[in-house]
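Student: I have a structure I would like to understand better, so I am pasting it below and will then ask my questions one at a time.
The values are calculated or read from the model by the stated rules, or taken from the named source; none is laboratory data. These figures come from a predicted structure and were not determined experimentally. Positions of Cβ are generated from backbone atoms using ideal geometry, with glycine treated the same way; all protein chains shown enter the neighbour counts. Just the protein is used for accessible areas: all its heavy atoms, side chains included, with ligands, DNA and RNA removed. Shrake-Rupley method; radii C 1.70, N 1.55, O 1.52, S 1.80 Å.
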Amino acid sequence: MSSQVRELMASGFGQLRHEPTAKRIQAVLGGETVVDSTRAVLVWEPRRIVPSYAVPVEDVRGELVPSGSAGDDAGDDVGVSLGDLTALRVLDPRVPFTAHSAEGEAVDLRAAGQVRAGAGFRPADPDLAGLVVLDFGAFDAWYEEDEQNVAHPRDPFHRIDVLPSSRQVRLELDGQVLAVSSRPVLLFETMLPMRYYLPRADVTADLVPSSTRTWCAYKGQASYFSASVGGRLVPDIAWTYEDPQHDAAGVRDLIAFFDERIDVVLDGQRRARPVTPWS
């Protein structure tokens, strides 16, 4: 019997997973390079959907000491439900690094004259012996080779395809048309719903710039818009990438909406709203 690859990938969410990377990984703190490794490993704790960098302890230029903090609870009720993907509640990047779902020891990092509480985790798993998993957010900057990375480590099994299309897209909310386009750019991303990026001229909704910014390891920094719909302002319903990373260069300055919160009619067929961490 054939297996769907998506289901095979999701079946591992409940396990501690790792994958070596050939990339040189560096981290900066207080203007100093405090992590420099060509022996890094990507580690996914159980239920984590994005990886963390782990490096041999000797590749950290600082002191790692047992943490005085107990950390956060990563019990089975923590995280978001993605019923179409797994029965587990998954730990997306909004769940802090200090919420561990694997056995091991939390450690503080003392480096560059600073202390980062709970910035490291030493898994008890023998396959990861000698490694310390590091909190991406506890450092000022990370580099893969000489390119700065943002948001979180890149997953080697995660990809983005950006394709121009002539499919007919109509976006609505509460019966009000937000956009109509026959020239969308479609963005396909592993384990996420297809996104429709539209020229601004095809967006009929009143968009109000928001101060919200988010960062994606694959696409870069997103700027958000609220939309005026039926006399009310719907916050942060759309976004754009003004200076995207190279993987997403094809959606520069185009507008996308959260399919999770609006209605999409594609080629005359109304689509079900997807369930994601942004639902």
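Student: Please go through the range 72-82 and give me each residue that is open to solvent by less than 40 Å² (accessible area, probe 1.4 Å) and touching a residue at least 12 places away in the same chain (Cβ under 8 Å), ordered by number.
Tutor: So in the range 72-82, the residues open to solvent by less than 40 Å² (accessible area, probe 1.4 Å) come out as 74-75, 78-80, 82.
Once the filter is applied, which keeps residues that are open to solvent by less than 40 Å² (accessible area, probe 1.4 Å) and touching a residue at least 12 places away in the same chain (Cβ under 8 Å), the range 72-82 yields Ala74, Val78, Gly79, Val80, Leu82.
Student: Name the single residue, out of those in the range 83-99 being part of a loop (DSSP other than H, G, I, E, B) and without any contact (Cβ under 8 Å) to a residue 60 or more places away in the chain, that is farthest from Arg154 (Cα to Cα). Don't jump to the end; show me each part of the working.
Tutor: Taking the range 83-99 and keeping what is part of a loop (DSSP other than H, G, I, E, B), we get 83-88, 92-98.
Pick out the ones that are also without any contact (Cβ under 8 Å) to a residue 60 or more places away in the chain and you get 87, 93, 95-98.
Numbers: Ala87: 25, Pro93: 13, Val95: 18, Pro96: 18, Phe97: 16, Thr98: 20 Å.
Among those residues, the one meeting the criterion is Ala87.
Student: Hey, any hits in the range 26-49 for a residue that's open to solvent by less than 90 Å² (accessible area, probe 1.4 Å), farther than 17 Å from Asn149 by Cβ and among the small types (Gly, Ala, Ser)?
Tutor: yes
Student: Does at least one position in the range 100-110 carry a residue that is within 21 Å of Arg261 (Cβ to Cβ) and either out of contact with any helix residue (DSSP H, G or I) (no Cβ under 8 Å at 6 or more places or on another chain) or in a strand (DSSP E or B) (or both)?
Tutor: Going through the range 100-110, the residues within 21 Å of Arg261 (Cβ to Cβ) turn out to be none.
For the range 100-110, residues within 21 Å of Arg261 (Cβ to Cβ) and either out of contact with any helix residue (DSSP H, G or I) (no Cβ under 8 Å at 6 or more places or on another chain) or in a strand (DSSP E or B) (or both): absent.
Student: Follow-up. Tell me whether the range 159-166 contains one or more residues that are in a strand (DSSP E or B), small (Gly, Ala, Ser), without any contact (Cβ under 8 Å) to a residue 60 or more places away in the chain and farther than 30 Å from Glu32 by Cα. Reasoning before the result, please.
Tutor: Step one: list which residues in the range 159-166 are in a strand (DSSP E or B), which gives 160-164.
Adding the requirement that they be small (Gly, Ala, Ser) leaves none.
No, there is no match, as no residue in the range 159-166 is in a strand (DSSP E or B), small (Gly, Ala, Ser), without any contact (Cβ under 8 Å) to a residue 60 or more places away in the chain and farther than 30 Å from Glu32 by Cα.
Student: A further question on this structure: Here is a check on your reading of the model: is Asp127 assigned to a helix (DSSP H, G or I) and in contact with a strand residue (DSSP E or B) (Cβ under 8 Å, 6 or more places away or on another chain)? Break it down into steps so the answer makes sense when it comes.
Tutor: Values: assigned to a helix (DSSP H, G or I): yes; in contact with a strand residue (DSSP E or B) (Cβ under 8 Å, 6 or more places away or on another chain): yes.
So Asp127 passes the test.
Student: Next question. Among the residues of the range 1-25, write down those that are free of Cβ contacts under 8 Å to residues at least 40 places away in the same chain, of a type in the set (Gly, Ala, Ser) and surrounded by 12 or more Cβ atoms within 10 Å (Cβ to Cβ).
Tutor: Scanning the range 1-25 gives a single hit, Gly12.
Student: Identify the single condition in (1) closer than 23 Å to Gln148 by Cα; (2) open to solvent by 20 Å² or more (accessible area, probe 1.4 Å); (3) of a type in the set (A, V, I, L, M, F, W, C) that Val208 does not satisfy, given that it satisfies every other one.
Tutor: The one condition Val208 does not meet is (1).
Student: Here's something else I'd like to know. Name, by its number, the condition in (1) surrounded by 20 or more Cβ atoms within 10 Å (Cβ to Cβ); (2) out of contact with any helix residue (DSSP H, G or I) (no Cβ under 7 Å at 6 or more places or on another chain); (3) within 16 Å of Lys23 (Cβ to Cβ) that does not hold for Val133.
Tutor: (3)
Student: Moving to a separate point now. Within the range 115-129, can you find the residues that are out of contact with any Asp or Glu (no Cβ under 6 Å at 6 or more places or on another chain) and either closer than 18 Å to Pro51 by Cα or buried (at least 16 other Cβ atoms within 10 Å of the Cβ) (or both)?
Tutor: Arg116, Gly118, Gly120, Phe121, Pro123, Asp125, Asp127, Leu128, Ala129
Student: Taking only the range 136-149 into account, find how many residues are outside any strand (DSSP E or B) and either open to solvent by 40 Å² or more (accessible area, probe 1.4 Å) or out of contact with any strand residue (DSSP E or B) (no Cβ under 6 Å at 6 or more places or on another chain) (or both).
Tutor: Step one: filter the range 136-149 for residues outside any strand (DSSP E or B), giving 136-140, 145-146.
Remaining after also requiring either open to solvent by 40 Å² or more (accessible area, probe 1.4 Å) or out of contact with any strand residue (DSSP E or B) (no Cβ under 6 Å at 6 or more places or on another chain) (or both): 136-137, 140, 145-146.
Residues in the range 136-149 being outside any strand (DSSP E or B) and either open to solvent by 40 Å² or more (accessible area, probe 1.4 Å) or out of contact with any strand residue (DSSP E or B) (no Cβ under 6 Å at 6 or more places or on another chain) (or both): 5 in total.
Student: Could you grab me the full set of residues in the range 226-242 that are within 23 Å of Ser165 (Cβ to Cβ) and either open to solvent by 20 Å² or more (accessible area, probe 1.4 Å) or of a type in the set (Val, Ile, Thr) (or both)?
Tutor: Ile237, Thr240, Glu242
Student: Please work out if Glu32 is at pLDDT 95 or above, farther than 14 Å from Phe157 by Cβ and among the charged types (D, E, K, R).
Tutor: Criteria met by Glu32.
Student: How many residues does the range 226-246 hold that are at pLDDT below 95, assigned to a strand (DSSP E or B) and under 30 Å from Gln148 (Cβ atoms)?
Tutor: Selection size over the range 226-246: 0.
So that you can scan it fast, the table gives a plain yes or no per residue for (1) in contact (Cβ under 8 Å) with a residue 40 or more places away in the chain; (2) open to solvent by 40 Å² or more (accessible area, probe 1.4 Å); (3) in a strand (DSSP E or B):
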site	(1), (2), (3)
Met191	yes, yes, no
Tyr196	yes, no, yes
Gln221	yes, yes, yes
Tyr224	no, no, yes
Ala248	yes, no, no
Pro277	yes, no, no
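Student: Separate question: Just name the residue that is modelled with the highest pLDDT out of those in the range 252-279 that are under 21 Å from the mean Cα position of the chain (by Cα) and of a type in the set (Lys, Arg). Before the answer, list the steps.
Tutor: If we filter the range 252-279 for residues that are under 21 Å from the mean Cα position of the chain (by Cα), which is where we start, we get 252-261, 273-279.
Next, only the ones that are of a type in the set (Lys, Arg) stay: 252, 261, 273.
Values: Arg252: 98, Arg261: 95, Arg273: 94.
Applying the filter and picking the extreme gives Arg252.
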